[in-house]
Structure formats: C-alpha cells, structure tokens
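*Asks:* Once you've had a glance at the structure underneath, I'll fire off some questions.
The values are calculated or read from the model by the stated rules, or taken from the named source; none is laboratory data. In this text the structure is predicted, and so the values were computed from the model without any measurement. Neighbour counts are summed over all protein chains in view; Cβ atoms, including those assigned to glycine, are modelled from backbone coordinates with ideal geometry. Remember, those area values only see protein heavy atoms, side chains included, never the ligands or the DNA or RNA. Shrake-Rupley method; radii C 1.70, N 1.55, O 1.52, S 1.80 Å.
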Amino acid sequence: MNRFVAAERALRTAAPHELLDAVRRVLVEQYAAESVELYMADYGLTVLQPVSVLPHTLEPVSVHNSPAGRAFGAQEPFLEDARDGVVRAHLPVTVRGDRLGVLSVTLPDDEQVKESLGELTEIAEVLGHEVVVAERDTDVYLQARRRDRLTLAAEMQWHLLPGRSCARREYELGAQLEPAYAIFGDNFDWSATADRLTLYVTNGMGEGIEASLLTNLAINALRNARRAGIPIADQAALADQAVYAHYRGRSYLSVLMLDFELATGRARAVDAGSPQLLRMRGGTVERVTFEAQLPLGMFEETDYVAQEFQAEPGDRLVFVSDGVYDVASPGGEVYGDAALARAILATRLLPAAEVPRAILHELTGHRGRPAPDDDALVVCLDWHGDDQGHTKAPPG
C-alpha cells in the first residue's frame, strides 16, 4: 500500500474528532513530517484558527499577512523556509471551492517537499472532505472557527448557510456576512444540479433571534419548494404563504431569487424586496434592475412573476443587502451605487471568493467605525458559462 493510500485510509477510518491526529500520524510515519497543524478560517475571514488543542492554546495566524494566509488566499501551496533547510508547506484545505482552512506540514528538506508536494496537496483536499462529513458528528471544527463567541442568532444563521464559496466549470461563488459573530437577518443560499444553479439573497427584517427565526422559516420554505421541483416564481409564492401564515404580515422578508441555466446563462429572476444586483461587464459596472414585487409574507397569497435575465461569460455579478448600499459615512454620505462600483472595479482581479470580504472591508472604511448598525451581506458570482472546460481570465 503506497503512502498516499495509507493517508487517505487513515482519514476515512478516523473518528470524526480525531482527523488531525490521524493525518498527523500518517504524515509523520510516511512522509517524515516534523510537525503538522490544521488551521480553520474564522467566521470573519480575518484569521486562521488552530485546531490542534481546544480551547485554543496555539496562536491564530492572520489571513492577510502570514505564510498560511498566503496559501489560503491564493488557494495554492505556499512553501516557507523555516530553519536549517527545514521547509513548512502550507496547503489549502478546500472542498469544491469552499475554503475551510490550511494544513501546515513541516518537512526536513527541500527535495522531500518537491517530491511530496502533489501528494500532500491531495491529502489536504481529502482532509477537507472528511472535515465536512465529520461536522455532522462533532463540534471540534466548528469550535475551531470561532475567534469570539457567536450570538445565538448568528449561530442559527451560519448553520443555515450552504458554505461561503463554491466553484465549478461554469461559475464561481463567494459570499460573506457581517458582523460575522452577531449576524441576524441577512442570508444567502445556493444549490446546483447538472444543468441549473439557483441562488437566493435574502434580507430579513428585525433584530436578534426574531430576525433569525424569520429567515430560517423563509429559507426552509424556499428549499422545500425548490426540492419539490417547483419553478422559481412558485417557490416565492409558497414561501410567501408560509411566512404570512405564521406572522400574518407583522414580519416579512426581502429576497432576490435567480435560477440560471448553466448551458446558456439564461436565468429567471424574482425580485421580492431590497437586495440589489450590480454587474461588471467589460470593465463597466452598472446596476441591474428588475420589476419590484412584494417581500415574502407581507400580504396573503401574493402572486409572483419571474423575469428574464441573461448572464454572459466574463460577467461578475455582485449582490448586496441594504446594510451595504444604505450605509452612511460619519458625514451622512450614503455608500450607494457609485462607491459600490468603485469597490467592484478595485477588486476586479480578485477571485469571487475574496471579493465579498474586500468590499466589506472597504465599507468599514466608509462607515468610519468597525461595528455596523445593520447586517451587511455581499455575494459575488463570476459567470464563466459552458465553455467545455477552457479556463477564462478574471472579469474586467
């Protein structure tokens, strides 16, 4: 049995909470590793939190200016010369574009790293898949993501999400919520089949637990309708009925829904409220508007109509909640379309997974204080189209 197979088998047979122990043991025995550490990206995407010992006794490392952070941001292995010929390989732990963290492996010499780097990178990928499965049965990796304690509302919202990024041949997606540890109403959801991508961007009213409960009801109602194979306009109608039946119009939820045909880029869209869409095409940023329809749950038995939308290869679509475009500076200037367009252009060379965090960082500068008054949500969708596997350059 070769050493990669041994590593893969060790991970697949390990207890959910012992994945790091399993990969560490096999890397020491089969690859002569001197040390092995696993870091998970925190909810705010600012640091990589160590998994080794809980509660955290090792120091977190920065996503922005550390060797492990470089591997995380670039999604490529990064080699760091440690001491006396010892090399530390930082390897992205990623599952289908969802960036979980970094596996850092210290090896005794350069030649061994060069010979083993391909296998080590694959082992980090296998580890990522096993972490996702293990999170059903243990809290170890979810605990490791926490730089601070989550509010209960934020716990509910993060648990509801599909991930923070994903990628396949036709598109790349990235999303981020702020304040990461105290989010309550904003949300996003996506799901793909062989030929379609469905995307929801939601903005729930209210604060705290009440906002989170409203969003949970609406998202699960939308998923229930989607999984029954119902068209997108009818998904909105059924979720509207579910929210109205519970709240009787006292609370409601805004949502922008799109259902893309992967082969053509044609989409059907339902705009039921406040989330906004901006498109960068050919270096030009413009707002995309749809016919405004009523938020989910505002009135009884609202009918919804889907509109046509066309995505072209190379398009970058950026979705934002009102906690982004309505934010005012200390002088009272609203962030708005012009500032958003500048932020989108400034981040045009970043991959989709990096764009939301960069725009939210820019928003913090405009706001003039770190803590927002409202939820802020950014979702970035890079549309490559059905190009038979040919790689496309970044938008713009």
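*Asks:* Can you give the Rg and Dmax of the chain based on its C-alpha atoms, in angstrom?
*Replies:* Calculated on Cα positions, Rg and Dmax stand at 21.9, 72 Å.
*Asks:* Here's something else I'd like to know. For residue 121 and residue 86, compute 0.36 nm times the residue count separating them, minus their Cα-Cα distance, and round to one decimal in nm. Show your work: numbers first, answer last.
*Replies:* Numbers: separation 35, 0.36 × 35 = 12.60 nm, distance 1.81 nm.
Working it through step by step, the gained length comes to 10.8 nm.
*Asks:* Only four residue types carry charge here, +1 at the Cβ of Lys and Arg and -1 at the Cβ of Asp and Glu. Report the dipole size of the chain about the Cα centre in Debye, rounded to the nearest 20. Don't skip to the answer; put the middle values down first.
*Replies:* Details: 37 positive and 59 negative charges, 12 e Å.
My answer is approximately 60 debye.
*Asks:* Now a separate question. So what's the angle, to the nearest 10 degrees on a 0 to 90 scale, between helix 3-13 and the longest Cα principal axis of the chain?
*Replies:* 50 degrees
*Asks:* Okay, next question. With N set to the residue count of the stretch 289-374, report its C-alpha Rg divided by 2.2 N^0.38 Å to two decimal places.
*Replies:* Values: Rg = 16.0 Å, N = 86, 2.2 N^0.38 = 12.0 Å.
For the stretch 289-374, the normalised Cα radius of gyration comes out at 1.34.
*Asks:* For the chain, what % of the accessible area comes from carbon and sulfur atoms, probe 1.4 Å?
*Replies:* Values: 8450 of 17270 Å².
Looking at the chain in its full context, I get 49 percent from C and S.
*Asks:* Still on this structure, I have one more. Rolling a 1.4 Å sphere over the protein heavy atoms, what is the accessible area per residue of the stretch 117-173, to the nearest Å²? Intermediate results must be reported in sequence, preceding the final value.
*Replies:* Working: 2770 Å² over 57 residues.
Per residue, the stretch 117-173 has an accessible area of 49 Å².
*Asks:* Using only Cα atoms, locate the centre of the stretch 148-171 and the centre of the stretch 325-356, then give the distance between them in Å, rounded to an integer.
*Replies:* Taking the Cα centre of the stretch 325-356 as reference, the centre of the stretch 148-171 is 21 Å away.
*Asks:* Report the rotationally averaged projected area of the stretch 208-348 based on its alpha-carbon convex hull, in square nanometres.
*Replies:* Values: hull surface 39.8 nm².
If you wrap the Cα atoms of the stretch 208-348 in a convex hull and average its projections, you get 10.0 nm².
*Asks:* What do you get for trypsin sites (Lys or Arg not before Pro) in the stretch 52-127 restricted to DSSP loop and a cutoff of at most 16 other Cβ within 10 Å of the site's Cβ?
*Replies:* Numbers: sites: 70, 83, 88, 96, 99, 114; in loops: 96.
Taking the stretch 52-127 and a limit of 16 other Cβ atoms within 10 Å, the loop trypsin sites (Lys or Arg not before Pro) found are 96.
*Asks:* Hey, got a sec? Which GluC sites (Glu not before Pro) in the stretch 282-351 land in a DSSP loop and have at most 15 other Cβ atoms within 10 Å? Numbers along the way, then the final one.
*Replies:* Details: sites: 286, 291, 300, 301, 308, 333; in loops: 291, 300, 301, 333.
Counting only loop positions with at most 15 other Cβ atoms within 10 Å, the GluC sites (Glu not before Pro) in the stretch 282-351 are 291, 300, 301, 333.
*Asks:* Note down, for the stretch 115-265, the three equivalent ellipsoid semi-axes (square root of 5 times each alpha carbon gyration tensor eigenvalue), biggest first, whole angstrom. Please report the intermediate quantities before stating the final value.
*Replies:* Working: eigenvalues 178, 102, 29 Å².
Its equivalent ellipsoid spans semi-axes of 30, 23, 12 Å.
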